[in-house]
Amino acid sequence: MKKIFYIVLVIVILMVIGQFLKNNIPASAQNAPATPTQAVVEESAVVTEDEDGNMVVDGEVVEDIEEEDPSATSDEQETVISE
């Protein structure tokens, strides 16, 4: 019987806390009308390769970065492939 009383007591306390928190929310946040938003459409980058074998993104050459110790910067979920 005590267990049921404690369970009901915890539920009542949680409901009181929920009402207290609900009443403290500003009225403008509760009844704020939905405002229409415009979608931002980003253009995808154009990736090509020039005659020297360099990668070019939107007309800019991308430098190849070679790590000296890839195991130092990797984490558990990455696989390090030795070439």
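Criterion applied to THR48, THR37 was being at pLDDT 70 or above and in a loop (DSSP other than H, G, I, E, B), and the one residue passing it is THR37.
Here ILE11 passes the criteria (1) modelled with pLDDT of 75 or more; (2) outside any helix (DSSP H, G or I) except the one numbered (2).
The values are calculated or read from the model by the stated rules, or taken from the named source; none is laboratory data. Keep in mind that this is a model prediction, so the values were computed, not measured.
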